[in-house]
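> Questions regarding the structure given below will be posed in turn.
The values are calculated or read from the model by the stated rules, or taken from the named source; none is laboratory data. Bear in mind the structure is a predicted one, so any value in this text is a computation, not a measurement. FYI the Cβ positions are ideal-geometry reconstructions off the backbone, even for glycines, and counts take in every protein chain you see. Areas reflect the complete protein model, heavy atoms only, side chains present, ligands, DNA and RNA absent. Shrake-Rupley method; radii C 1.70, N 1.55, O 1.52, S 1.80 Å.
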Amino acid sequence: MTGFGPTRRGAALVCSLLAAVTAAAAAPQTTIIHAGRLIDGVSDTVKSQQTVVVVDGKITAIEAGYRTPGVDDRVVDLKQGTLLPGLFDMHVHLSGEYSKNSEINDYKLNEADLAIDSVVYAERTLLAGFTTVRDLGDEFRETIALRNAINAGKVPGPRVIAAGKSIATTGGHADPSNGWARKFPSDPGPADGVINSPEDARKAVRQRYKEGSDTIKITATGGVLSIAKSGSNPQFTEEEVRAVVSAARDYGFKVAAHAHGTEGIKRAVRGGVDTIEHGTFLDDEGIKLMKERGTFYVPTMSAGRWVYEQGLKPDFFPPIVRPKALAVGPQIQQTFAKAYKAGVKILFGTDTGVNPHGTNGGEFRLMVDGGMPAMETIKAATSVPAKFLELDDRTGSIAVGKLGELVGVPGDPLTDIGVMERVVFVMKDNTVYKAP
Ligand SMILES: [Zn+2]
């Protein structure tokens, strides 16, 4: 390996020289956005008729009125719409999309298939206005490769906070061999994200660190779409959760727990996880625990609704999945309404990849229907997750000095939340991906 050292350094030097020449030749790119309304993600005040100036990817000015652009400026006319910070979806799966063929595809698709799909779905997600996502579970660390390619500017997509492979227990939700015949290798271990002891749990977390994960995901209870009977039974001991969390802290990881059932939710919260995903059968004691511990709730009602709708069709799901899909969907919406009212902290998240990529914005309407004011739903998808992910020094709000990660919707989301599903402007990395 050392033999390649000088060559690589030589190549890097040529590259940086080229970059310097290019930068000197090109004047900084200025983008002038004329916004009819501006919601900054932090304040409750909506400003009207504003100009936001982005120079080389950073917000340099926010002014009242519409500034007259210079000859070389790129102009975005959003006078009829509302400018918002780039949106966050705290629960997606970018390398897949559930379909009637999903069960059989599990035997047919390899790493490369999923990696190529993830590039397509990442672009769809970005064009729907989501400039940052947390990917909570892949199969072959393909979302880590995707994240790296996006960060390197090779493919368009949101900033990805990737969990890599979810950590499950044997037979549990995210055991990759569920439902397989014995003739296939079917006893995965901690390196594959399947644990059965606190010791395994630590090994599984360290393996994720080695593979380049940004965060840890566990499946604390059964799940709707796994080929297994229960969608809600507890699948981790509290000791195992604690071992995951304490190992995760050594590496600066936060821990997200998929959890539908009441007991599994409580074990996860007591074990110290940072977010509860779905939380379907959350009860009053669980709500109390989450409030005491400051655990965030990521409701993912979009996926709940979608599986319910598919469950109404007789043949869409494998027979073992259908009753779970019918039970979980409507329940999540009731749980969200109750948890929000009780004061549980909420982060916007959809579980898209269950429902189709690019439909993430539908969650806003479900949140408003559940009693959360529109302005709060926007904060739950901008400044609140930015702070949670410790990205608030860069993004999550519209302010001078922040990155120009910006989204425009037609009309006013405070009077019609449905506009969040019709994003007309997307800017990230100094590139306008969609313009009105
Ligand atoms: Zn999920």
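> With the structure loaded, tell me whether residue 348 is surrounded by 19 or more Cβ atoms within 10 Å (Cβ to Cβ) and farther than 20 Å from residue 161 by Cβ or whether it fails that test.
No; evaluated as a whole, the condition is false for this residue.
> I'm told residue 186 meets every condition in (1) in contact (Cβ under 8 Å) with a residue 12 or more places away in the chain; (2) in a loop (DSSP other than H, G, I, E, B); (3) hydroxyl-bearing (Ser, Thr, Tyr) except one. Can you identify the failing condition by its number?
(1)
> Another question, if that's okay. Give me the residue from the range 317-337 that is open to solvent by less than 30 Å² (accessible area, probe 1.4 Å) and over 17 Å from residue 221 (Cα atoms) and, out of that set, modelled with the highest pLDDT.
Taking the range 317-337 first, the residues open to solvent by less than 30 Å² (accessible area, probe 1.4 Å) are 317-318, 321, 324-325, 328-329, 332, 335-336.
Filter once more, keeping what is over 17 Å from residue 221 (Cα atoms): 317-318, 336.
Details: 317: 90, 318: 88, 336: 98.
Ranking the qualifying residues of the range 317-337, first place goes to 336.
> Could you count how many residues in the range 204-215 are open to solvent by less than 50 Å² (accessible area, probe 1.4 Å) and either in contact (Cβ under 8 Å) with a residue 60 or more places away in the chain or touching a Lys or Arg at 6+ places or on another chain (Cβ under 6 Å) (or both)? Full working, then the answer.
Of the residues in the range 204-215, the ones open to solvent by less than 50 Å² (accessible area, probe 1.4 Å) are 204-205, 207-208, 211-213, 215.
Going one step further and asking which of them are either in contact (Cβ under 8 Å) with a residue 60 or more places away in the chain or touching a Lys or Arg at 6+ places or on another chain (Cβ under 6 Å) (or both), we end up with 211-213, 215.
Result for the range 204-215: 4.
> Residues that are open to solvent by less than 40 Å² (accessible area, probe 1.4 Å) and modelled with pLDDT of 90 or more: does the range 18-30 have at least one? Let's see the steps before the verdict.
Just the residues of the range 18-30 that are open to solvent by less than 40 Å² (accessible area, probe 1.4 Å), to begin with: 30.
Subsequent filtering for residues that are modelled with pLDDT of 90 or more retains 30.
Yes, that holds for at least one residue.
> Looking at (1) under 26 Å from residue 195 (Cα atoms); (2) among the aliphatic types (A, V, I, L, M); (3) open to solvent by less than 10 Å² (accessible area, probe 1.4 Å), find the lone condition where residue 227 falls short.
Tallying (1) under 26 Å from residue 195 (Cα atoms); (2) among the aliphatic types (A, V, I, L, M); (3) open to solvent by less than 10 Å² (accessible area, probe 1.4 Å), residue 227 fails exactly one: (3).
> Continuing with the same structure: Pick out the one residue from 135, 77 that is surrounded by 15 or more Cβ atoms within 10 Å (Cβ to Cβ), out of contact with any Cys (no Cβ under 6 Å at 6 or more places or on another chain) and under 27 Å from residue 273 (Cβ atoms). Quick ask: steps written out before the conclusion?
Details: 77 fails: under 27 Å from residue 273 (Cβ atoms).
Of 135, 77, the one residue that is surrounded by 15 or more Cβ atoms within 10 Å (Cβ to Cβ), out of contact with any Cys (no Cβ under 6 Å at 6 or more places or on another chain) and under 27 Å from residue 273 (Cβ atoms) is 135.
> Among the residues of the range 178-207, write down those that are of a type in the set (Gly, Ala, Ser) and out of contact with any Pro (no Cβ under 6 Å at 6 or more places or on another chain). It would help to see each step written out before you state the result.
The first filter runs over the range 178-207 and keeps only residues of a type in the set (Gly, Ala, Ser), leaving 179, 181, 186, 189, 191, 193, 197, 201, 204.
Selection gives 179, 181, 186, 189, 191, 193, 197, 201.
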